2 protein chains.
Amino acid sequence: MGPDGSGYSGLVLEKLSSLDIKVGDRVKIHHDGRDFQGILMPRSQVGADPYHLVLKLDNGYNTGIKIDAATIITKSKSSRVKKPKTTETVQKLNPLLPTVLVMSTGGTIASRVDYRTGAVNPALTAQDLYDSVPELQDYANINAQVAMSILSENIRTSDWTKIAKIIAKEIKEGETDGVVIAHGTDTMGYTAAALSFALQNLPVPIAIVGSQRSSDRPSSDASLNLTGATNLVGRTDVAEVMVVMHAQTDDSYLYAHRGSRVRKLHTSRRDAFQSVNSYPLFRIEENEIEELSTPLLRRDPKRVLTVKPQFEELVALVKTYPGIDGKIVDYFVDNGYRGIILEGTGLGHVPDTLQSSLKKAVDSGLVVAMTSQCIHGRVNMDVYRSGVELLEIGVVPCQDMIAETALVKLMWLLANTKTSEQAGTLMYTPLAGEIEVRSEYPQYDADVEMY
Amino acid sequence: MGPDGSGYSGLVLEKLSSLDIKVGDRVKIHHDGRDFQGILMPRSQVGADPYHLVLKLDNGYNTGIKIDAATIITKSKSSRVKKPKTTETVQKLNPLLPTVLVMSTGGTIASRVDYRTGAVNPALTAQDLYDSVPELQDYANINAQVAMSILSENIRTSDWTKIAKIIAKEIKEGETDGVVIAHGTDTMGYTAAALSFALQNLPVPIAIVGSQRSSDRPSSDASLNLTGATNLVGRTDVAEVMVVMHAQTDDSYLYAHRGSRVRKLHTSRRDAFQSVNSYPLFRIEENEIEELSTPLLRRDPKRVLTVKPQFEELVALVKTYPGIDGKIVDYFVDNGYRGIILEGTGLGHVPDTLQSSLKKAVDSGLVVAMTSQCIHGRVNMDVYRSGVELLEIGVVPCQDMIAETALVKLMWLLANTKTSEQAGTLMYTPLAGEIEVRSEYPQYDADVEMY
């Protein structure tokens, strides 16, 4: 960072200082025959050179502009940053529309960029929602609640408990036809899995929704995801936990993925979320909602929700790699952990150097279960000796369950079963569509590959 | 497992015992109006029921057959299992063909299933190769060597060193126009990355090749991958480390992926290997080889190979998740580790509970570098406060490098640089095509998204 905290140094800092321009000011730059206008942003990248400054343009994008001695920088007088209207309009209830609980937890979808600092603030009120996405009123009567305001990388198991309890309370009061949860995308898949297990026998649908671009950017996916999710949970007869996000990089349509089967598979693209080892449940295009896979449960207001919101945090996820030391497994055993999800290689293998530590872990009462770092496909530990030996030790194969869901499921099972043995057995029993148990050896079918 | 070690119990074991049928015997089964013939396989799946037996059919597939009291089982007199010919033919050198070193390390591609035990044995000699894939002779004069015979989940950094040294020796002797390495698929991506760094300034190409089905199965991809790789390294003018595998689930064509950019992305499919954040280098279809991306190096027999085969094993890969405890990071610091690759969420974030431990790790001299568990896309730690804070601590962003390559690269750097600081800097410097460094802020382009 530069001496003034702006991140600028050298020529750029000199020029800015001489003109009394600070981060957050609106500036005009004339360089090499071209003009740029926007808000001066701070610079924090490691190894930032002293020749570029960064503007947030009016179209919402940041851009870097190379500065030399000939560049002309001028400070604009007025800020033209659009501010959201915060009128005091109270939405009138429409008796013909469903009632949807929209809960915000933080994350990009519930954030606005503070142009003065460049920071993203995760704060959204009911009023903010109406202001930013007024078309929500066309789909439902909205009951908006702020559950928490954090970036999703910081969400912990206790937050899953809190979210599950709020939803359960609202559903049990009987006024809610569906739930939309605005959530950061970083750990949205984990939370979706957590709610899939914590809220059993759902009478109404729950859609978790996020955005890959903050709501105040013209390229934001927030509005479409939010209206699509609201439309889905208000109208369709499904009663599952889902994730609703863009299916394409453009705004053409959305997918609703099963909460126990979805993963963020790209750092930045709008279609980052994908169903893994399964198909999406719904395709949502404007007002058309197409059912792609059969839901596990259909909407039924009379069904009684079962709430089991507790999670055991002493469960580790260990991705294996060449050279991994068995002592890492010992660490978890020695520190009171109750379970380990392995992310092994291929069909569910680990280096043989881990074997004795894994045996010790199982013998000490930990549930040790196997997923694959391949992401796609099913573990099958019967094919090679190394897999068979792990089965013999007592490592539980997680079949086609993704690692993140396996972690959450084991955290949930260990908090909600009487014995670890029971938890181990339930790990390979489907509870929320997270596993497809293929009969061990399917009936003869020449076209079916066995693994 | 059943009382006799075959894995069978109950009715099935009774029937088999009364007929004196053992695992490995050829049997005929008449059940429910249908006939099945094949070799009786052992059964080892956890919780196997007592009603099915498993046959390896003549087409190579295993199948489960439900047995009841009415099922007729008969033992066949002769085994019709095809055995490979092991003639003593010595291949004549063809002066018009290139010379290719084919090295086996083990894995499915260098394995045969032992029908008596069902185990896969990773052992392949030069003679085995000619026997199983005689068409290799049409592409090259083969110099075959067995480097080791292990399943790739057990390969360690010392094996990478051994493989690199053998290849270097052969290349330096000047008789080798290209190298093919038969390798298990589980850690093939890791080894490909390791050789990409260990063997610099390559004069000739290296292709690592595996198979997802063992060579004696009719559905095996071994033969096509092996001939495709041999053809590629003998004929094309590239000089890089690559992985050559099926591009499709059928046998239509292969891809050659850059060794530092490839990942096993499916547990069982033949097209499991994919280039991540980059395009494949070549498309190989029968005798047509199409260059898809520009190689970093072209073949040049006069170029002098630089060999740096050492790796530091005290580097950890840590995938983060909700609830992860900072003490896990402390463990590595306290146990003499020299580096940690984080597989964070989204654009490169970790739970804030890890921050103080990460700061301690960096302050203790460990290189801590960030990749994303999203697999696809680039980390960008400038967008959110949580990323910026990690940069300020000194966490190195790995840009668009995949986690497995980042791990191998840091293992290699820490064994081949004088200081950890130097290793940290080189982590974000491209050395083997593993990173594309996008200029920090690209020149103005309305179509380019900044993250």
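How many of the residues in region A:173-194 are part of a strand (DSSP E or B) and touching a Leu at 6+ places or on another chain (Cβ under 6 Å)?
Within region A:173-194, the subset part of a strand (DSSP E or B) is A:178-182.
Now drop any that are not touching a Leu at 6+ places or on another chain (Cβ under 6 Å), which leaves A:179.
Total meeting the criteria: 1.
Kindly provide the set of residues from region A:132-157 that are within 14 Å of another protein chain (Cβ to nearest Cβ) and in contact with a Lys or Arg (Cβ under 9 Å, 6 or more places away or on another chain), ordered by number.
Quick first cut of region A:132-157, residues within 14 Å of another protein chain (Cβ to nearest Cβ) only: A:148-157.
Selection gives A:148, A:151.
From the set of residues in region B:304-317 that are part of a strand (DSSP E or B) and out of contact with any Asp or Glu (no Cβ under 7 Å at 6 or more places or on another chain), which is farthest from the other protein chains (Cβ to nearest Cβ)?
Of the residues in region B:304-317, the ones part of a strand (DSSP E or B) are B:306-307, B:315-317.
Those still in the list that are out of contact with any Asp or Glu (no Cβ under 7 Å at 6 or more places or on another chain) too: B:306-307, B:315-316.
Values: B:306: 23, B:307: 20, B:315: 8, B:316: 8 Å.
It comes out as B:306.
Every residue, every condition in (1) outside the structural domain of residue B:348 (by TED's automatic domain parsing); (2) over 30 Å from residue B:350 (Cα atoms); (3) in a helix (DSSP H, G or I), yes or no:
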position: B:243; (1), (2), (3): yes, yes, no
position: B:269; (1), (2), (3): yes, yes, no
position: B:277; (1), (2), (3): yes, no, no
position: B:283; (1), (2), (3): yes, yes, no
position: B:302; (1), (2), (3): yes, yes, no
position: B:324; (1), (2), (3): no, no, no
position: B:329; (1), (2), (3): no, no, yes
position: B:332; (1), (2), (3): no, no, yes
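Modelled with pLDDT of 95 or more, within 22 Å of the chain's Cα centre (by Cα) and surrounded by fewer than 20 Cβ atoms within 10 Å (Cβ to Cβ), is that true of residue A:413?
On the way: modelled with pLDDT of 95 or more: yes; within 22 Å of the chain's Cα centre (by Cα): yes; surrounded by fewer than 20 Cβ atoms within 10 Å (Cβ to Cβ): no.
Considered against the rule, which asks whether it is modelled with pLDDT of 95 or more, within 22 Å of the chain's Cα centre (by Cα) and surrounded by fewer than 20 Cβ atoms within 10 Å (Cβ to Cβ), residue A:413 comes out as no.
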**Flag for residue A:431 being assigned to a helix (DSSP H, G or I), under 27 Å from the mean Cα position of the chain (by Cα) and aliphatic (A, V, I, L, M)** = no
**Request:** Please indicate, with yes or no, whether at least one residue in region A:384-403 is among the hydroxyl-bearing types (Ser, Thr, Tyr) and in contact with an Asp or Glu (Cβ under 7 Å, 6 or more places away or on another chain).
**Result:** yes
**Asked** Is there a residue being of a type outside the set (Asp, Glu) and either touching a Pro at 6+ places or on another chain (Cβ under 6 Å) or within 17 Å of residue A:322 (Cβ to Cβ) (or both) anywhere in region B:216-232?
**Response** no
**Request:** Can you tell me which residue within region A:270-283, out of those that are within 20 Å of residue A:180 (Cβ to Cβ) and of a type outside the set (S, T, N, Q), is surrounded by the fewest Cβ atoms within 10 Å (Cβ to Cβ)?
**Result:** A:283
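For every residue, the table says whether it meets (1) under 12 Å from residue A:322 (Cβ atoms); (2) more than 14 Å from the chain's Cα centre (by Cα); (3) surrounded by fewer than 22 Cβ atoms within 10 Å (Cβ to Cβ).
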site	(1), (2), (3)
B:149	no, yes, yes
B:160	yes, no, no
B:167	no, yes, no
B:173	no, yes, yes
B:195	no, no, no
**Item:** Search result, residues across region B:247-269 that are buried (at least 24 other Cβ atoms within 10 Å of the Cβ) and closer than 28 Å to residue A:380 by Cβ
**Value:** B:254, B:255, B:256, B:257, B:259, B:261, B:262, B:263, B:264, B:267
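So if I check each of A:302, A:308, A:327, A:319, which one is within 15 Å of residue B:331 (Cβ to Cβ) and of a type in the set (Lys, Arg)?
Working: A:302 fails: within 15 Å of residue B:331 (Cβ to Cβ); A:308 fails: within 15 Å of residue B:331 (Cβ to Cβ); A:319 fails: within 15 Å of residue B:331 (Cβ to Cβ).
Exactly one of A:302, A:308, A:327, A:319 is within 15 Å of residue B:331 (Cβ to Cβ) and of a type in the set (Lys, Arg), namely A:327.
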**Message:** Residues that are modelled with pLDDT under 95 and not hydrophobic (A, V, I, L, M, F, W, C): does region A:324-343 have at least one?
**Reply:** no
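Among the candidates B:186, B:159, B:128, B:177, which residue alone is at pLDDT below 95 and of a type in the set (D, E, K, R)?
None of the other options fit; the residue is B:128.
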**Message:** I'd like the residue in region B:131-156 that is assigned to a helix (DSSP H, G or I) and of a type in the set (D, E, K, R) and, out of all such residues, is modelled with the highest pLDDT.
**Reply:** B:153
**Item:** Scope region B:334-379; condition among the small types (Gly, Ala, Ser), more than 7 Å from every other protein chain (Cβ to nearest Cβ) and assigned to a loop (DSSP other than H, G, I, E, B); matching residues
**Value:** B:336, B:348, B:364, B:365
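For residue B:221, are the conditions met, namely being of a type outside the set (A, V, I, L, M, F, W, C) and touching a residue at least 60 places away in the same chain (Cβ under 8 Å)?
For residue B:221, the condition - of a type outside the set (A, V, I, L, M, F, W, C) and touching a residue at least 60 places away in the same chain (Cβ under 8 Å) - is not met.
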**Asked** Mind checking which pairs have a first residue in region A:145-165 that is free of Cβ contacts under 8 Å to residues at least 12 places away in the same chain and a second that is buried (at least 19 other Cβ atoms within 10 Å of the Cβ) and not in a helix (DSSP H, G or I), Cβ under 6 Å, 6 or more apart or different chains?
**Response** A:154/B:351
**Request:** Select from region A:380-390 the residues that are crowded, with 22+ Cβ neighbours inside 10 Å and in a helix (DSSP H, G or I) and write down the one among them that is modelled with the highest pLDDT.
**Result:** A:390
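For region A:322-333, give me each residue that is at the interface with chain B (Cβ under 9 Å from one of its Cβ atoms) and either closer than 22 Å to residue B:322 by Cβ or among the β-branched types (Val, Ile, Thr) (or both). Spell out the reasoning first.
Quick first cut of region A:322-333, residues at the interface with chain B (Cβ under 9 Å from one of its Cβ atoms) only: A:322-325, A:327-328, A:331-332.
Selection gives A:324, A:328, A:331, A:332.
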**Asked** Considering region A:391-411 alone, what residues qualify as being within 12 Å of another protein chain (Cβ to nearest Cβ) and assigned to a helix (DSSP H, G or I)?
**Response** A:391, A:392, A:393, A:403, A:404, A:405, A:406, A:407, A:408, A:410, A:411
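The values are calculated or read from the model by the stated rules, or taken from the named source; none is laboratory data. Bear in mind that the values here come from a model prediction, so they are computed numbers and not experimental data. Quick reminder, even Gly has a Cβ in these numbers, built from the backbone with ideal geometry, and neighbours come from all protein chains shown.
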